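Taken together, the values in this text are just the output of simple stated rules run on the coordinates, not laboratory data. It should be emphasised that the depicted structure is a prediction, and the values quoted were computed from it without experimental measurement. Note: ideal-geometry Cβ built from the backbone for every residue, glycine included; neighbour counts use all protein chains shown.
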Amino acid sequence: MPRSAYDQTSGLVYFPRMCEKIRLHAQGELPADYHEYLGKGFDGRICGFLRVSYDDLKAQVLSGKTDDEVLAWCLENGRGLEAIDYLVWNGFARKRGWRDEDGGSEFLANAKANAGFANRDAIMTMFDFYEHDEGRAS
């Protein structure tokens, strides 16, 4: 399983999870359920936020760099981040699925239903879903 979406690299949530999924996939250890979302969803959103392509970021990860080194590469080759940018990304990412108007809430509801969590009201965000679905929370 990949790392928790709540884990951070230099204060940025989700980033280490994406890097871990890339590494696990390259090693043939990422469960098949995750393959369809590589470079999409949160992966695509954080790459867009950082203004780097997923393929370029993936190449950095697979070159053997640490998560901190990959993020430093993103900040040098994409856009730099100010303190407010971390607040904006982390706030958005941690709350994704909660009262979203662009289909995020519906996506979360479907994911919960498909995983047998439809009646679990404590699962309010995608990050919450990952924690339960991957066994880090009960």
Nearest 20 debye, what's the magnitude of the dipole of segment 1-88 about its Cα centre given +1 on Lys and Arg Cβ and -1 on Asp and Glu Cβ?
-> 120 debye
List, in order, the whole-Hz ³J(HN,Hα) value for each residue of segment 42-51 obtained from phi through the Karplus relation with A = 6.51, B = -1.76, C = 1.60 and θ = phi - 60°; use x for Gly and Pro.
-> 4, 4, x, 5, 5, 5, x, 4, 7, 6
For segment 117-129, in order, what is each residue's ³J(HN,Hα) by Karplus, 6.51 cos²θ - 1.76 cosθ + 1.60 with θ = phi - 60°, in whole Hz (x at glycine and Pro)?
-> 10, 3, 8, 8, 5, 6, 8, 10, 9, 5, 4, 4, 4
